[in-house]
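Step one of this worksheet: look at the structure below.
The values are calculated or read from the model by the stated rules, or taken from the named source; none is laboratory data. Please read these numbers as outputs of a predicted model, since none were measured by experiment. Reconstructed Cβ throughout: ideal geometry from the backbone, glycine too, with neighbour counts over all protein chains shown. These area figures cover heavy atoms from the full protein model, side chains too; ligands, DNA and RNA do not enter into them. Shrake-Rupley method; radii C 1.70, N 1.55, O 1.52, S 1.80 Å.
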Amino acid sequence: MDKFGKSQSVKRTEDIRFLTGQGRYVDDITPEGALHAYFLRSPVAHAEITELNLEDAREMDGVKLVLSMAELEAMGLDATLACTVVKNRDGSKGADPMRPLLAKGRVRFVGEPVAVVVAETLEQARDAAEAIEFDYEELPAHVKVCAGGEPLHKEAPDNVAYDWAMGDEAATEEAFAKAAHHVSCEVVDNRIIVNSLEPRGCFAEFDGQRIHLSVNGQGVWPYKAQIKRILKMNEDDIRVTNPDVGGGFGMKAMPYPEYFVAAAAARELGVPVRWMGDRSESILTDNAGRDLVSTCELAFDENHKILAYRVTTVNNLGAYNSNFAQPIQTELFAKVLMGTYDCTTTFHAVKGIFTNTTQVDAYRGAGRPEAIFALERTIDTAARELNVDPWELRRKNFIPKDQFPYRSATGELYDVGDFERVLDRVEKECDLNGFAARKSESASRGKLRGMGLCYYIESILGDPSEDAKVEFHEDGTASIYVGTQSNGQGHETVYAQFLSDQTGIPADKIKVVQGDSDLIARGGGTGGSRSVTVQTHVTLAAVTKIVAAYRPYLAEKMGVDEEAVKFDDVSFRAEGSNLAPTMLEAAAMAMADGRKDLLSFSATAEIPGRSYPNGAHVAEVEVDEETGKVDVVRYTVTDDFGNLINPMLVAGQIHGGVAQGLGQALTEQVVYDDDGQLLSASFMDYAMPRADDMPFVDFTTEGTPSTANPMGMKGCGEAGTVGSMASVANAVQDALWERGVRKTDMPFTPSRVWQMLQDANGAAS
């Protein structure tokens with residue numbers, strides 16, 4: 001066995017309980033007798049609150065508690081959500097308005113929580129909420145993503161949250177002035193709703209001293225920190241748990257008001273309080289994704305080498321600042337944007353706008369999928385305008401293999417890469433040479449056929465450090481406690497598999513424990529494709545500690561010097577001794593000898609550098625000119641994820657990511673009217689991708705092991721989405737280009753594509 005695991009495709013062990021109804025989600029494990037919370041939400045996008053009378057609601061049957069922001073403040077709470085503030089390009093601080101847990105003085109988006117009712121049953125809580133006297137004076141809504149309009153916050157009179165920039169603007173201007181070619185492309189990245197299978201929910205309980213919040217999130221420690229601040233409690237008196245979680249997608253990494261209001265209510269009443277959002281609440285209040293427009297410009301020399309790029313982005317924040325790593329994500333939007341393409345100068349500016357819509361998750365609103373999407377759409381447009389082959393334009397601008405490690409113009413240090421090899425492989429797998437024949441065959445059936453390429457590179461983000469603990473038990477099993485949190489990715493399988501690879505402990509004798517702040521000191525949760533890379537890294541550190549601790553103990557048993565004891569990933573051995581215990585057998589010996597110090601090991605480790613997964617997606621589409629319907633008929637992916645632990649799980653991640661990207665490209669679109677009312681507020685109006693929207697995904701890998709971690713791995717969780725949006729959009733552009741269509745924006749619904757064709761026909765005539 002080697003230090004990267006066996007790279008065997010192992011079926012997910014957790015699926016047995018999921019598929020047989022044995023999953024333990026937050027709504028399954030709520031304590032018996034828990035009260036139900038129901039939130040009264042704003043029916044309008046923008047208004048001054050003129051009256052909020054709770055008295056009639058308090059008199060309703062079964063009602064135990066009714067709270068508004070005034071009551072939360074009277075309880076002594078710091079009843080706000082912490083938000084991240086960006087420094088403006090002129091050095092000043094970006095707008096920093098307060099975000100209350102319940103509306104204070106004004107409501108700023110449809111669905112904003114105004115009050116909460118806690119009652120014995122959900123029906124009683126709903127009935128009581130209708131008895132609340134909530135009057136307001138409507139204000140003009142600001143839903144256009146631009147400066148000006150009715151201000152949402154006094155701290156941002158023009159609704160600009162921040163105006164941030166990075167790069168050398170003067171050098172970029174100079175490069176553009178000297179360039180032989182200049183290509184500009186406006187890229188619209190449409191707003192989407194995450195719609196995880198399990199809506200957000202939580203329960204809270206208080207035993208007189210300690211509060212326990214169970215929430216279906218992407219980690220426990222951010223919530224613990226927020227509870228400490230909001231409820232002003234001692235850290236040791238707070239426990240947060242994540243049970244099974246039915247999908248996260250970055251959206252569930254955020255803190256939301258409902259969780260902390262439920263915790264406050266449970267502490268106030270001394271009775272467990274539960275809240276489970278329904279689908280309508282999720283659509284209205286979950287942090288949305290994307291919603292930005294980027295103008296991406298590329299400067300080329302006479303040989304079509306990229307000299308510089310310049311990007312100006314306006315992104316919608318919704319009603320409040322993001323509360324999740326906004327400056328980091330915004331900076332990395334610029335840093336990663338160049339992808340695998342080399343240049344000498346760069347400049348990027350991002351302006352964040354407040355609107356009367358629900359918050360946009362900055363993780364989605366200015367992160368890597370958006371960056372690659374903007375660049376790859378512009379590269380494809382450049383190839384057409386310069387009349388060069390889009391594949392060769394990318395090859396010409398790749399960073400050569402012999403130039404790694406490579407410091408990019410934006411400061412990213414790419415450790416390894418072989419982009420030519422990956423592109424060569426996907427060219428073969430997608431049968432590029434046969435495309436002309438397939439296009440002709442489509443034309444014979446009255447269809448337009450297009451091919452789109454996207455070559456992406458990601459920078460794996462998040463906290464580079466992680467914790468792990470390994471314990472041995474009397475029944476001959478072991479447990480590994482992890483700081484990340486599965487949202488359905490298969491962590492229980494892969495972590496047990498990896499620990500088994502490194503220790504020889506059978507995987508079926510390893511229990512993976514996650515999502516409990518009482519059981520492990522800290523952790524980074526899941527997000528940014530970090531989980532497996534950082535968790536296996538710290539697992540190696542824990543195994544190293546275990547082996548080091550057992551060597552002197554077993555040396556005495558074997559009658560040899562400590563230096564003679566070796567561990568070969570299965571057994572401890574020493575020349576001259578017939579004793580060769582496995583890891584579990586050594587632990588059993590330690591138990592028999594009362595050596596408790598040899599039964600539990602904790603480790604903290606930090607990955608020394610980022611990893612950079614990269615790859616190529618190739619989509620082929622057919623467009624029906626008469627109806628505008630787009631079908632993705634062929635899809636090919638070749639990725640470089642370095643070394644793999646479980647190829648089957650990686651393939652599953654790619655398939656899911658491609659489905660998410662295709663949904664945004666083909667069907668999904670959040671629509672608000674001018675009054676800030678959400679028009680796509682149900683699955684009757686918001687089109688999630690279906691099985692018949694998905695093609696077969698041909699997936700292969702060409703791994704170049706990362707040098708940034710001892711496992712040689714690169715994260716893969718977001719790769720399918722990163723590549724699929726641009727490849728499909730470029731394929732549609734390719735199909736429509738011959739009909740004179742020069743601007744193609746997602747989603748490519750039949751009506752939108754039909755209109756693009758009609759507009760092009762009208763312009764031509």
Show the residue pairs meeting these rules: Cβ distance below 6 Å; 6+ apart or different chains; first residue within the range 556-581 and assigned to a helix (DSSP H, G or I); second residue surrounded by 15 or more Cβ atoms within 10 Å (Cβ to Cβ). Met558/Ala574; Met558/Ser577; Met558/Leu579; Glu562/Arg551; Glu562/Ala555; Ala564/Ala574
Within the range 324-347, is even one residue modelled with pLDDT of 90 or more, under 24 Å from the mean Cα position of the chain (by Cα) and in a helix (DSSP H, G or I)? no
State yes or no: is Ala760 within 30 Å of Phe419 (Cα to Cα) and either open to solvent by less than 30 Å² (accessible area, probe 1.4 Å) or of a type in the set (Ser, Thr, Tyr) (or both)? no
Note: among Glu51, Glu155, Glu71, just one is over 28 Å from the mean Cα position of the chain (by Cα) and farther than 30 Å from Lys224 by Cβ, namely Glu51
In the set Val273, Val261, the lone residue that is open to solvent by less than 10 Å² (accessible area, probe 1.4 Å) and either over 19 Å from Gly111 (Cβ atoms) or charged (D, E, K, R) (or both) is Val273
Just to be sure, is Gly712 surrounded by fewer than 24 Cβ atoms within 10 Å (Cβ to Cβ) and small (Gly, Ala, Ser)? yes
Being of a type outside the set (Lys, Arg) and at pLDDT below 95 narrows Leu423, Leu375, Leu393 down to just Leu375
Pair list, Cβ < 7 Å and 6+ apart or interchain, from the range 213-228 residues that are more than 14 Å from Gln514 (Cβ to Cβ) and without any contact (Cβ under 8 Å) to a residue 24 or more places away in the chain to residues that are in a helix (DSSP H, G or I) and open to solvent by 10 Å² or more (accessible area, probe 1.4 Å): Lys228/Glu235
Please state which one of Val240, Val261 is touching a Phe, Trp or Tyr at 6+ places or on another chain (Cβ under 9 Å) and part of a strand (DSSP E or B). Val240
Checked the range 412-432 for anything without any contact (Cβ under 8 Å) to a residue 24 or more places away in the chain and within 21 Å of Pro705 (Cβ to Cβ); matches are Asp424
Please count how many residues of the range 264-305 are closer than 30 Å to Thr378 by Cα and in a loop (DSSP other than H, G, I, E, B). 8
Search result, residues across the range 96-116 that are crowded, with 18+ Cβ neighbours inside 10 Å and either under 20 Å from Ala262 (Cα atoms) or modelled with pLDDT under 95 (or both): Arg99, Pro100, Leu101, Leu102, Ala103, Lys104, Gly111, Glu112, Pro113, Val114, Ala115, Val116
Scope the range 674-684; condition out of contact with any strand residue (DSSP E or B) (no Cβ under 9 Å at 6 or more places or on another chain) and either on the phi < 0 side of the Ramachandran plot or among the aliphatic types (A, V, I, L, M) (or both); matching residues: Asp674, Gln677, Ala681, Ser682, Phe683, Met684
Find all pairs meeting these conditions: Cβ atoms under 8 angstrom apart; at least six residues apart or on different chains; first residue within the range 57-69 and closer than 19 Å to Arg106 by Cα; second residue open to solvent by 70 Å² or more (accessible area, probe 1.4 Å) and assigned to a loop (DSSP other than H, G, I, E, B). Met69/Lys104
Before we move on, is Val350 at pLDDT 90 or above, in a strand (DSSP E or B) and either open to solvent by less than 10 Å² (accessible area, probe 1.4 Å) or not β-branched (Val, Ile, Thr) (or both)? no
Looking at the range 617-651 only, could you name the residues that are β-branched (Val, Ile, Thr), in a strand (DSSP E or B) and open to solvent by 10 Å² or more (accessible area, probe 1.4 Å)? Val630, Val632, Val633
I need the full set of residues from the range 81-110 which are over 28 Å from the mean Cα position of the chain (by Cα) and among the acidic types (Asp, Glu), in order please. Asp90
Helices (runs of 4 or more DSSP H) within the range 117-236 that include 1 or more residues under 30 Å from Phe347 (Cα atoms) and either open to solvent by 50 Å² or more (accessible area, probe 1.4 Å) or not hydrophobic (A, V, I, L, M, F, W, C) (or both): 169-178
